[in-house]
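A short worksheet on the structure shown next.
The values are calculated or read from the model by the stated rules, or taken from the named source; none is laboratory data. Not measured: the values here are computed from a predicted model. So basically every Cβ, Gly included, is an ideal-geometry build from the backbone, and we count neighbours across all protein chains shown. Heavy atoms of the whole protein, side chains included, go into the accessibility calculation; ligands, DNA and RNA do not. Shrake-Rupley method; radii C 1.70, N 1.55, O 1.52, S 1.80 Å.
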Number of protein chains: 2
Amino acid sequence: MKTNPIELGLSKNSTSSTHKRKRGVSILDSFLRIIAFIGTLASGILMGTTKETLPFSTQFFRFRAEFDDLPTFTFFVVANVVVCGYLLLSLPLSIFNIVRSNAKNSRIIFIIFDTVMVTLLTGGAAAAAAIVYLAHKGNTRANWFAICQQFNSFCERISGSLIGSFVGIAVLILLIFLSAVAISR
Amino acid sequence: MKTNPIELGLSKNSTSSTHKRKRGVSILDSFLRIIAFIGTLASGILMGTTKETLPFSTQFFRFRAEFDDLPTFTFFVVANVVVCGYLLLSLPLSIFNIVRSNAKNSRIIFIIFDTVMVTLLTGGAAAAAAIVYLAHKGNTRANWFAICQQFNSFCERISGSLIGSFVGIAVLILLIFLSAVAISR
């Protein structure tokens with residue numbers, strides 16, 4: 001059997017370019033994981049340290065607000081901490097993929113865990129967003145009053161802490177896309 | 001170049017078994033899509049038709065509850081309808097995969113869209129669950145009262161409508177796993 005040397009050269013070139021592209025995807029993967037890690041960490045810390053005491057009080061009301069007054073916010077913090085921890089643990093495997101760019105199994109593991117984590121993070125963020133919305137706007141039909149009229153700084157922090165989580169969600173979705181494309185190549 | 005006929009036979013056998021396994025995955029994919037479709041459709045309809053008027057009233061309160069009194073429930077219905085529509089549209093492609101079990105690109109498209117849809121559905125379901133929890137338990141710190149004490153049937157329906165959505169989320173996560181495994185084979 002005879003092989004055309006030009007064909008062989010072309011195939012070698014194409015393998016090398018695929019290899020380079022896969023390495024590029026792996027580097028992007030690690031970079032995105034770091035961004036999502038920072039986002040979820042910031043969200044968790046920001047929400048977990050939210051507390052406000054108003055400088056006045058009456059006989060009937062306690063003018064103090066803390067994030068764990070609402071169980072939803074506790075769940076939000078837990079979800080962010082879990083995803084943040086997962087991203088930190090997944091980083092070594094992601095860096096390992098840069099070196100060994102053909103590791104298919106590790107990418108499948110990434111898709112599976114990333115999907116579970118994006119669901120957990122979305123659950124936490126959406127539930128917290130629903131309560132933040134209620135805190136801002138209230139609901140006259142259900143007789144739930146907007147607590148943000150009193151707790152200004154509290155509401156600003158809980159609203160702000162959602163941003164990091166939503167950045168984390170977007171990045172995790174992007175990571176799943178990247179893994180899927182990398183596997184198929 | 002000589003080829004061992006026994007080796008050739010083995011390779012043919014293994015290709016046929018891989019083909020069969022891929023077809024099995026595709027059939028399971030279509031089946032799961034139908035389950036998720038039914039779940040999200042039921043959730044959307046159940047929530048979208050929830051309404052309760054109590055048989056008594058006072059001068060100050062309107063004892064009527066409808067799902068769209070709370071914007072979160074409207075979002076829940078929209079999310080379920082969108083995911084339900086997507087699942088219906090994706091079914092022909094999924095059935096096409098049973099016939100052409102080597103279609104890699106369609107599986108990548110599935111991973112990408114399934115991921116977006118599971119995020120949307122989780123967002124809707126988690127936000128609605130947060131409000132349903134509040135309706136059941138209330139929150140004394142924020143002075144939000146449990147409306148379920150009055151609106152019993154309303155609360156039962158909004159709680160029940162979450163089930164289909166959460167089944168849909170679980171099935172969509174499973175579908176992403178299946179697609180990832182099918183691509184890698």
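Which one is farthest from A:PHE37 (Cα to Cα), of the residues in the range A:70-89 that are open to solvent by 20 Å² or more (accessible area, probe 1.4 Å) and facing chain B (nearest Cβ under 10 Å)? The extreme case among them is A:PRO71.
Which one of these is open to solvent by 30 Å² or more (accessible area, probe 1.4 Å) and either over 19 Å from B:ILE38 (Cα atoms) or more than 9 Å from chain A (Cβ to nearest Cβ) (or both): B:ILE158, B:ILE147, B:ILE109? Quick ask: steps written out before the conclusion?
Numbers: B:ILE158 fails: open to solvent by 30 Å² or more (accessible area, probe 1.4 Å); B:ILE147 fails: open to solvent by 30 Å² or more (accessible area, probe 1.4 Å).
Just one listed residue meets the conditions, B:ILE109.
Filtering the range B:127-144 to residues that are under 20 Å from the mean Cα position of the chain (by Cα) and either facing chain A (nearest Cβ under 7 Å) or open to solvent by 60 Å² or more (accessible area, probe 1.4 Å) (or both) leaves B:ALA127, B:ALA129, B:ALA130, B:ILE131.
If you go through the range B:161-185 and keep only what is hydroxyl-bearing (Ser, Thr, Tyr) and either open to solvent by 40 Å² or more (accessible area, probe 1.4 Å) or within 24 Å of the chain's Cα centre (by Cα) (or both), you end up with B:SER161, B:SER165, B:SER179. Among the residues of the range B:77-122, those identified as under 18 Å from B:GLY44 (Cβ atoms) and among the polar types (S, T, N, Q) are B:ASN80, B:SER90, B:THR119, B:THR122.
Of the residues making up the range B:137-181, not one is within 17 Å of A:THR72 (Cβ to Cβ), outside any helix (DSSP H, G or I) and touching a residue at least 40 places away in the same chain (Cβ under 8 Å). Looking only at the range B:89-121, residues that are farther than 14 Å from B:VAL171 by Cβ, part of a helix (DSSP H, G or I) and among the aliphatic types (A, V, I, L, M) come to 11 in all.
Scan B:ALA42, B:ALA65, B:ALA126 and give me the residue that is in contact with a Gly (Cβ under 7 Å, 6 or more places away or on another chain) and either free of Cβ contacts under 8 Å to residues at least 24 places away in the same chain or part of a strand (DSSP E or B) (or both). Can you show your working first?
On the way: B:ALA42 fails: either free of Cβ contacts under 8 Å to residues at least 24 places away in the same chain or part of a strand (DSSP E or B) (or both); B:ALA65 fails: in contact with a Gly (Cβ under 7 Å, 6 or more places away or on another chain).
Of the residues listed, the single one that is in contact with a Gly (Cβ under 7 Å, 6 or more places away or on another chain) and either free of Cβ contacts under 8 Å to residues at least 24 places away in the same chain or part of a strand (DSSP E or B) (or both) is B:ALA126.
The single condition among (1) more than 16 Å from A:VAL81 (Cα to Cα); (2) out of contact with any strand residue (DSSP E or B) (no Cβ under 9 Å at 6 or more places or on another chain) that A:GLY138 does not satisfy is (2). Against the numbered list (1) buried (at least 21 other Cβ atoms within 10 Å of the Cβ); (2) over 14 Å from the mean Cα position of the chain (by Cα), B:GLY124 comes up short only at (2). For A:PHE56, the stated conditions hold: it is farther than 25 Å from B:ALA135 by Cα and out of contact with any helix residue (DSSP H, G or I) (no Cβ under 9 Å at 6 or more places or on another chain).
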